[in-house]
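Input: a single structure, listed below in structure tokens.
The values are calculated or read from the model by the stated rules, or taken from the named source; none is laboratory data. Bear in mind the structure is a predicted one, so any value in this text is a computation, not a measurement. Because the Cβ atoms are built from the backbone with ideal geometry, glycine has one as well, and the counts that use them run over all protein chains shown. What goes into the accessible areas is simple: the full protein's heavy atoms, side chains included, and nothing from ligands, DNA or RNA. Shrake-Rupley method; radii C 1.70, N 1.55, O 1.52, S 1.80 Å.
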Amino acid sequence: MTTPTVTARGAAPTAGVPAAARPRYRRRLAQWGFVAPAVLFMLLFFGYPLVRNVVMSFQHYTPKTFFTGEAPLNGFDNWSAVFRDALFGKALWHTLVFTAGSLLGQFCAGLALAVFFTRRFPLNGVLRSLILLPWLVPMVVSGIVWRRILDQDTGVLNSFLDAIGLDGHTPWLTSPHMALLSVILVNIWIGIPFNMVILYGGLQEVPRELYEAAALDGASAWRTFRSITLPTLRPVITVVLVLGFMSTVKILDLILALTDGGPADATQTLGTLTYQNSFVRLDFGAGAVVGNVLILISAVFAVFYLRANRTEGK
Amino acid sequence: MAAENVKPRTRRRRWGSTVAGALVLAVMLFPLYWMLDTALQPEAGLLEVDPVPHRLDLSGFTKALDDQGGHLLTSLLVSLGAVVICLAIAAPAAYGLARFRLRGTRTIVFGTLITQMVPGIVIANALYTSYVDLGLVNSYFGLMLADASLGIPFSIVLMRSFMQSIPGEVIEAAEMDGAGRLRTFLRVVLPMSRNSLITSGLFAFLFSWSDFMFALTLNTTDDVKPVTLGIYQYIGAHVGDWGSVMAASVLSAVPAAILLVLAQKYIAAGITGGSVK
């Protein structure tokens with residue numbers, strides 16, 4: 001495993017026993033006092049919204065609801081309305097393409113960089129930590145900076161392409177055919193540091209002897225990578241991909257900052273559609289429907305994550 | 001093997017890697033450079049920007065500070081509040097889950113992992129209606145609470161695994177000396193967990209500082225507007241004034257840059273420790 005914190009897992013938790021004089025239930029009560037606030041908070045801020053979303057998806061919400069407080073149940077009306085809307089299918093497809101494309105790009109670039117940084121060279125540590133910077137900047141800010149860079153007429157990317165003799169008039173964000181690709185590329189840029197750091201940590205754990213043995217056997221670099229690095233790294237790879245999936249599938253701020261879901265809904269995803277339905281069109285029932293679909297997709301991957309987590313922790 | 005003993009050829013190759021690494025870094029950081037560069041040439045407006053600012057023009061920054069200074073303060077206040085809430089709730093919980101054999105510990109830890117996977121927009125969707133009922137819309141406290149939810153599960157997982165590594169004897173010794181459970185926690189456990197507290201607090205701050213979604217959805221007026229929301233609305237109104245927009249962006253990215261320089265070891269620990277778990 002990659003961190004000292006993880007190895008600590010083996011240490012069996014020992015109960016605080018000294019106050020033996022006190023009755024047992026009082027001791028338990030005091031102990032629960034430590035945990036209860038967090039449990040309460042998580043029930044209110046995660047448990048309740050999950051339940052509430054399901055209920056809301058069967059309610060008729062209008063802007064009026066906020067004054068009258070009345071949101072009558074309307075069965076599957078919201079669901080059928082959302083599913084019948086062609087935009088839902090589009091958003092679902094965009095979500096899948098956006099997530100898969102982002103993950104693939106982030107992972108490959110992150111792994112390449114992680115492998116590169118396992119070399120020993122001067123300033124390695126400084127360069128490695130500076131690469132984190134894009135990941136730390138608020139996503140909405142990154143989105144806005146890229147929006148400027150990708151501007152069709154005045155953006156620096158097109159001027160650069162012009163200067164080296166390529167097509168310098170690409171409508172990166174304004175053409176429905178290009179926009180999703182551009183958004184994916186920007187998200188890859190955002191995700192590279194995270195992938196790199198975790199994969200780099202995983203690479204540190206690959207036993208040196210394996211590489212020495214491979215070198216003695218005269219294995220090529222590619223063969224060593226395929227037969228030693230990748231298999232040893234597999235648990236870390238699973239975690240990186242699942243966590244990457246979790247954070248990518250719900251991205252909202254980046255897309256809003258870059259394209260606002262446009263042009264012509266070309267970058268509308270389940271996340272932005274939930275937002276549009278609820279907070280722009282003020283139809284919270286429809287928003288809840290899309291949100292529930294998003295949760296369902298996340299839940300499938302949560303199972304993967306917990307599986308991966310379990311096989312590793314034990 | 002120390003670098004001095006290396007043969008000249010190998011050493012040259014090593015510096016070659018440094019050059020390659022610097023090139024990669026330059027490409028990765030280019031957008032951030034461009035943000036700074038544009039910010040320093042406010043009058044360039046919609047025209048193309050010089051690759052290097054010829055003379056420093058700080059008027060973009062003064063304008064951005066005028067327009068966004070208040071929102072920066074809001075961000076700072078909300079983020080610090082979120083950090084306090086997050087640590088106050090997560091640290092005792094992490095200790096309880098690491099130390100006491102409570103029934104349901106496994107379920108709670110499991111639940112903590114699950115919560116990290118709930119899409120924020122889904123939470124906002126349900127939270128908004130309750131916030132309206134509770135009068136928490138457009139309030140600092142409401143936003144702090146929502147932002148704290150971004151850091152709490154992460155902090156519990158991170159601090160719990162750290163606190164599990166504290167030797168049981170140390171805690172038992174403290175309790176033998178007559179310190180109560182709470183005192184042991186405050187005087188012995190927390191100081192020993194300093195690093196994991198800093199890492200958790202740092203990430204709670206970063207999560208909250210970067211938050212856009214709760215800021216966007218849980219506020220309907222301009223009363224509580226963090227800088228992420230401020231900039232987003234800024235481009236709507238000032239799309240011709242990229243100098244000021246970029247200056248505001250630079251200002252909003254400054255805390256991240258400072259934290260990276262001051263606390264890189266905690267950040268690296270947080271990214272790996274908090275997520276690989």
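Have a look at B:Ile114, B:Leu206, B:Ala98 and report the one farthest towards the positive end of the charge dipole of region B:91-217, computed about the Cα centre with Cβ charges (Lys/Arg +1, Asp/Glu -1).
B:Ala98
Give the residue list of trypsin sites (Lys or Arg not before Pro) in region B:100-152 that are DSSP loop and have at most 11 other beta-carbon atoms within 10 angstrom.
Here the sparse-neighbourhood loop sites are B:Arg103.
Relative to the first principal axis of the alpha-carbon coordinates of chain B, what is the inclination of helix B:140-163, with its axis defined by its Cα atoms, in degrees from 0 to 90 and to the nearest 10?
Tilt of helix B:140-163: around 60 degrees.
With n ≥ 4 as the cut-off for DSSP H runs, can you work out [θ] at 222 nm for chain B, using -39500 (n - 2.57) per run divided by the number of residues, rounded to the nearest 500?
-24500 deg cm²/dmol
Compute the distance in nm between two label points, each set 7 Å from the Cα along the Cα-to-Cβ direction, one at B:Leu56 and one at A:Lys90.
4.7
For the protein assembly as shown, what is the accessible area per residue in Å², given a 1.4 Å probe and the full set of protein chains?
For the protein assembly as shown, the solvent-accessible area averages 44 Å² per residue.
List the GluC sites (Glu not before Pro) within region A:162-237 that fall in a DSSP loop (any state other than H, G, I, E or B) and whose Cβ has at most 14 other Cβ atoms within 10 Å.
The qualifying sites are A:Glu205.
Find how many whole Å separate the alpha carbon centroid of region B:53-90 from the alpha carbon centroid of region B:156-230.
First find each Cα centre; the distance between them is then 22 Å.
Taking the simple approach of a point 7 Å from Cα along Cα-to-Cβ for both B:Leu182 and A:Val51, what is their distance in nm?
Rounded to a tenth, the inter-label distance reads 3.0 nm.
How large is the helix-only mean residue ellipticity at 222 nm for chain A, computed as the sum of -39500 (n - 2.57) over DSSP H runs with n ≥ 4, divided by its residue count, in deg cm²/dmol to the nearest 500?
-20500 deg cm²/dmol
How far apart, in nm, are the 7 Å Cα→Cβ label points at A:Ala219 and B:Arg103?
5.1
Please report the relative contact order for chain A, taking Cα pairs under 8 Å with a sequence separation of at least 6, and give it as a percent rounded to a whole number.
26
At 20 Å minimum axial length over the Cα atoms and a Kyte-Doolittle cut of 0.0, report the qualifying DSSP H helices in chain A, or say none.
TM-like helix candidates: A:24-42, A:86-117, A:179-204, A:230-249, A:284-313.
Calculate I(q)/I(0) for chain A by the Debye formula, one identical point scatterer on each C-alpha and no solvent, and give its log10 at q = 0.07, 0.08, 0.12, 0.14 Å⁻¹ to two decimals.
Listed by q, the Debye log ratios stand at -0.42, -0.54, -1.03, -1.20.
Under a GNM of chain B (C-alpha, springs under 10 Å), which listed residue has the highest mean-square fluctuation: B:Ala39, B:Ala90, B:Ala174?
B:Ala174
Return the ratio Rg/(2.2 N^0.38 Å) for chain B, where Rg is computed over Cα atoms only.
Chain B yields a ratio of 1.25.
Round to the nearest 10 and report in Å² the accessible area of A:Arg226, as given by a 1.4 Å probe over the protein chains' heavy atoms.
Counting only protein heavy atoms, the figure is 120 Å².
Over the Cα atoms of region A:53-143, what Rg and Dmax result, in angstrom?
23.0, 67
Give me the percent of the accessible area of the protein assembly as shown that comes from carbon and sulfur atoms, probe 1.4 Å, all protein chains in place.
C and S atoms contribute 66 percent here.
Which FRET efficiency value, to the nearest 0.05, is calculated for A:Leu161 and A:Ala100 with the Förster distance at 22 angstrom and r the Cβ-Cβ distance?
With a Förster radius of 22 Å, E is 0.25.
Using modelled backbone amide H atoms (1.01 Å from N, in-plane), which distant-in-sequence or interchain residues come within less than 5 Å of A:Gln59's amide H?
Long-range HN contacts for A:Gln59: A:Asn74.
Identify which of A:Ile295, A:Ile188, A:Ile149 has the largest mean-square fluctuation in a Gaussian network model of chain A, with springs joining Cα atoms closer than 10 Å.
Maximum among the listed residues: A:Ile149.
For A:Gly271, what charge total do you get from the other residues with a beta carbon under 14 Å from its beta carbon, if Lys and Arg give +1 and Asp and Glu give -1?
-1
Report, to one decimal in Å, the Kirkwood hydrodynamic radius for the protein assembly as shown based on all distinct Cα pairs.
It works out to 25.7 Å.
Report the net charge of residues surrounding A:Thr170, where surrounding means a beta-carbon distance below 13 angstrom and charges are Lys +1, Arg +1, Asp -1, Glu -1.
Net charge around A:Thr170: -4.
Using the Cα centre of chain B as the reference point, and only Cβ charges (+1 on K/R, -1 on D/E), how large is the resulting charge dipole? Debye, rounded to the nearest 20.
1740
So which residues in region A:35-58 end up with at least 40 square angstrom less accessible surface once the other protein chains are there, compared with the chain by itself, probe 1.4 angstrom?
Buried by 40 Å² or more upon assembly, which counts only protein chains, are A:Val35, A:Ala38, A:Phe41, A:Met42, A:Phe45, A:Phe46, A:Pro49, A:Asn53.
With springs only between Cα atoms under 10 Å apart, run a GNM on chain B and tell me which of B:Gly81, B:Gly104, B:Gly70 wobbles the most.
B:Gly104
Any idea what log10 I(q)/I(0) is at q = 0.15 Å⁻¹ for region B:124-214, Debye with uniform C-alpha scatterers and no solvent?
Calculated log10 I(q)/I(0) at the listed q: -0.71.
Around A:Pro138, under 11 Å between beta carbons, what's the net of Lys plus Arg minus Asp minus Glu among the other residues?
The answer is -2.
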